[in-house]
Amino acid sequence: MKRFFTYPTLLRLFCRYRKGVTLIELLVAITISGIFLAGVMETFVYILQSSEDAEAKLEAVTNARSALDTMSQEIKTARIDPRRPIQFFYGSSVDLPYGDAIDDDLDGRTDEEIRDGHDNDGDYAAVNDDLHIQLDGGVFERGNLINSPDLGDRNIDEDCRFSNDTLEFITFPDPNNPGFREKNVKYQITTFDGQPNVLVRRVIYNPHDPDTRYEEQDPIAFNVLSISFLYWDPNRFPMDWLTAWDSLYAPMFPDPQIELPAAVHVALTVYSGAAPFQEYSAGQRVDAITLQTIVNIEQVLKDERYQNLK
Ligand SMILES: [Ca+2]
Ligand SMILES: [Ca+2]
Ligand SMILES: [Ca+2]
Ligand SMILES: [Ca+2]
């Protein structure tokens, strides 16, 4: 017993004790730094993730914006040519049975509207939802549609299903600009270079001259989920949006039988998720952004028949 408490024994005990504390300290330190590192990693992954999301969204907006600009510049030059008996402006309308599978307007229904400028699901109430803009001197924008559902009002075309519309028209040579050629332009979502969901602009230059006629196709937006065109019809009162247009039937239009719409509403929806687009299949929940614009057709606005309507 006596020998147990000799100095070397105490030293050994002390060393063991020291060693034990060191080990516990080490374990505690590892655990704490582990927790700390996990927190850091989590924050880091979150920052990385949200910057990837933000980047994907920015890219989607840029992509859609540039396609809308291209189309706007061209649509406004669609022409009525008095030298020709029949004009060419053709917009077809295809409503798809699905949207982004998200209840964007939080009304408990998902993708309930069709993009047509009207209230399809019956939730429009003129007293609350009519949003006409007063211009000046008591004049209202779209004044003849006050108290009727119209694009831009609340509950009109909110939370829409996707569309796969096409638009095809002719622009004419500009006499003030000798280099400007006659063009037949078409926009549609199709497969381009093996890649699906590409918004393609197809142009036929000089469509009426077999000698100089040539065709080209440009992709103007990628990962496109939906494109919708609406046409502001100057041939009815009150004027209204139509989902399709065919100038071939102009002789059957109501008076004054203007062959082209006065304006075109374009809505373009593109994928904005961070995951590769190839993982998306139609009808599944998807991150998307929609950009919209209204383009006036200058030739119609200058047309005497349209001027006389006012
Ligand atoms: Ca939706
Ligand atoms: Ca909804
Ligand atoms: Ca509605
Ligand atoms: Ca609608």
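Among all residues of segment 194-201, there is at least one that is surrounded by 18 or more Cβ atoms within 10 Å (Cβ to Cβ), polar (S, T, N, Q) and within 30 Å of I114 (Cα to Cα).
Look through segment 158-179, keep the residues that are at pLDDT 90 or above and hydrophobic (A, V, I, L, M, F, W, C), and return whichever of them is nearest to ligand 1 (Cβ to nearest atom). Top of the filtered list is C160. Cβ separations smaller than 7 Å between residues 6+ apart or across chains give the following pairs from segment 148-177 residues that are on the phi > 0 side of the Ramachandran plot to residues that are within 12 Å of ligand 3 (Cβ to nearest atom) and among the aliphatic types (A, V, I, L, M): D157/L151. For segment 147-157, the count of residues that are away from ligand 1 (no atom under 16 Å from the Cβ) and over 23 Å from the mean Cα position of the chain (by Cα) is nonzero. Is it true that P238 is surrounded by fewer than 13 Cβ atoms within 10 Å (Cβ to Cβ) and part of a loop (DSSP other than H, G, I, E, B)? Yes; evaluated as a whole, the condition is true for this residue.
Does Q73 satisfy being closer than 24 Å to E259 by Cβ and either within 16 Å of ligand 3 (Cβ to nearest atom) or without any contact (Cβ under 8 Å) to a residue 24 or more places away in the chain (or both)? Judged against the criteria, Q73 is a match.
Any residue that is in the same structural domain as P238 (by TED's automatic domain parsing) and surrounded by fewer than 13 Cβ atoms within 10 Å (Cβ to Cβ) - is there at least one of those in segment 67-80? Checked against the condition, which is being in the same structural domain as P238 (by TED's automatic domain parsing) and surrounded by fewer than 13 Cβ atoms within 10 Å (Cβ to Cβ), segment 67-80 yields at least one hit.
Scanning segment 115-145 for residues being without any contact (Cβ under 8 Å) to a residue 60 or more places away in the chain and not in a loop (DSSP other than H, G, I, E, B) gives a total of 7. Out of all the residues in segment 104-114, is one or more surrounded by fewer than 16 Cβ atoms within 10 Å (Cβ to Cβ), free of Cβ contacts under 8 Å to residues at least 24 places away in the same chain, within 16 Å of ligand 2 (Cβ to nearest atom) and in the same structural domain as S228 (by TED's automatic domain parsing)? So far as segment 104-114 goes, yes, one or more of its residues are surrounded by fewer than 16 Cβ atoms within 10 Å (Cβ to Cβ), free of Cβ contacts under 8 Å to residues at least 24 places away in the same chain, within 16 Å of ligand 2 (Cβ to nearest atom) and in the same structural domain as S228 (by TED's automatic domain parsing).
Filtering R285, R305 for residues that are surrounded by 13 or more Cβ atoms within 10 Å (Cβ to Cβ) and of a type in the set (K, R) leaves a single hit, R305.
Within segment 121-146, the set of residues being acidic (D, E) and more than 16 Å from ligand 1 (Cβ to nearest atom) comprises D129, D130, D136, E141. Taking the listed residues I146, I189, I156, the one that is under 28 Å from L96 (Cβ atoms), of a type in the set (A, V, I, L, M) and in contact with a strand residue (DSSP E or B) (Cβ under 7 Å, 6 or more places away or on another chain) is I189, with no other qualifying. Report, by residue number, each residue of segment 241-293 that is under 17 Å from V61 (Cα atoms), touching an Asp or Glu at 6+ places or on another chain (Cβ under 6 Å) and part of a loop (DSSP other than H, G, I, E, B). Matches in segment 241-293: S272, G273, A274, V286.
Checking G117 against (1) on the phi > 0 side of the Ramachandran plot; (2) within 16 Å of ligand 1 (Cβ to nearest atom); (3) not β-branched (V, I, T), only one condition comes out false. Which one? Against the list (1) on the phi > 0 side of the Ramachandran plot; (2) within 16 Å of ligand 1 (Cβ to nearest atom); (3) not β-branched (V, I, T), G117 comes up short only on (2). When you check Y98 against the structure, is it modelled with pLDDT of 95 or more, within 16 Å of ligand 4 (Cβ to nearest atom), of a type in the set (F, W, Y) and under 19 Å from T243 (Cα atoms), yes or no? In short, yes. Are any of the residues in segment 121-139 surrounded by fewer than 18 Cβ atoms within 10 Å (Cβ to Cβ), of a type in the set (S, T, N, Q) and outside the structural domain of A263 (by TED's automatic domain parsing)? So far as segment 121-139 goes, yes, one or more of its residues are surrounded by fewer than 18 Cβ atoms within 10 Å (Cβ to Cβ), of a type in the set (S, T, N, Q) and outside the structural domain of A263 (by TED's automatic domain parsing).
Applying the criterion of being over 25 Å from N164 (Cβ atoms) and of a type in the set (D, E, K, R) to the residues of segment 53-66, the residue that is surrounded by the fewest Cβ atoms within 10 Å (Cβ to Cβ) is E55.
The values are calculated or read from the model by the stated rules, or taken from the named source; none is laboratory data. Keep in mind that this is a model prediction, so the values were computed, not measured. For neighbour counting, all protein chains shown are included, and Cβ atoms are generated from backbone atoms with ideal geometry for every residue, glycine included.
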